[in-house]
1. Between residue 108 and residue 137, what is the label-point separation in nm under the 7 Å Cα-to-beta-carbon projection?
2. For the range 260-340, what class follows from the C-alpha gyration tensor (a ≥ b ≥ c being the square roots of its eigenvalues): rounded when a/c is under 1.5, otherwise prolate if a/b is larger than b/c, else oblate?
3. When you count, for each residue, the other Cβ atoms within 10 Å and take the mean per peptide, how do 183-195, 321-333 rank with the highest first?
4. Can you tell me the length gained on complete extension of the stretch residue 30 to residue 306, counting 0.36 nm per residue apart and subtracting the Cα distance?
5. Using packing as a proxy for protection, rank 235-243, 217-225 so that the peptide with the highest average count of other Cβ atoms within 10 Å comes first.
6. Please sort 259-267, 66-74 by packing, taking for each peptide the average over its residues of neighbouring beta carbons within 10 angstrom, highest first.
7. Which of rounded, prolate, oblate describes the range 168-324, given a ≥ b ≥ c as roots of the alpha-carbon gyration tensor eigenvalues and a/c under 1.5 marking rounded, otherwise prolate only if a/b is larger than b/c?
8. Could you pull out which residues in the range 87-105 have an amide N less than 20 Å from a spot 7 Å beyond the Cα of residue 119, following the Cα-Cβ vector?
């Protein structure tokens, strides 16, 4: 029996999704997994990228042996069902690591189509307990494990942060276009005990309420951000409203693990997160941040925070950051499969 994976082409790793996938491939390679596809590539030309991935997919089934265990990272778009069926014909089992569910924010699949597709696997690793429960409640019949949080490989050391002083600096990173982050244009009026450092492109400062509470840092590559991040907290929030995470992107937080959370932790920043987000359970359990119902409450919460409480969060974040740096969570999730 061998543990195998299928590598493919990734159009760069600056995006969160590809960074998570290439990290998992690297961890599997370090642990002796066999790549049954072509070597990993990062071509940006659309036709070349398609052809390289297709060639790897067509090659993969012929490299599998009876009793092998194949780990696929989901979604694999149009190839997923084909690869699963060919693996089963070769006598192999298929383990799926979920990165994104197409039936949520992108609406590329119906829920029924997504569940039917995932049922081609033999075992599924969901982001967290809430995603696992959602899959089960919608009819998924396969055994489901839980990742916990995405690991984040980087040899870069987090920059040392001095003792925070009020107003706290809250770091927010990502694509800052108004469609996904409408709340940013409203939240400034509630910021008295804190201000924002924004990392990314697309924020229109002149349209923001309380614009004097924002500092725009521009786009910074993830390794550079880990080394230079300026802030006392990292914010995990999405959608239109300061009172809750709304819209397709906001609702998705109830089930998924945003990769930016892992980036903040690697920056050794405590996390501020919506209390109904799936990862809020992880934040509470590990003592690495603050869960709030509304960003309108954040000023009061931060004003009441003691230096001792903040120091405890920082200590806990540093411990979790070391786990993310070494691939602890995906190794644990894959390790649980061996006993099944």
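Bear in mind these aren't lab numbers, they're just calculated from the coordinates by the rules spelled out. Only a predicted model underlies this, so the values are computations on that prediction, with no experimental measurement involved. Cβ atoms come from the backbone with ideal geometry, glycine included; neighbour counts cover every protein chain shown.
1. A separation of 2.5 nm, rounded to one decimal place.
2. Prolate, because a/c is 1.5 or more and a/b exceeds b/c.
3. Most protected by this proxy first, the peptides run 183-195, 321-333.
4. 95.2 nm
5. Ranked from most to least packed, the peptides come out as 235-243, 217-225.
6. 259-267, 66-74
7. rounded
8. Flagged as within label range: 87-89, 93-98, 101-104.
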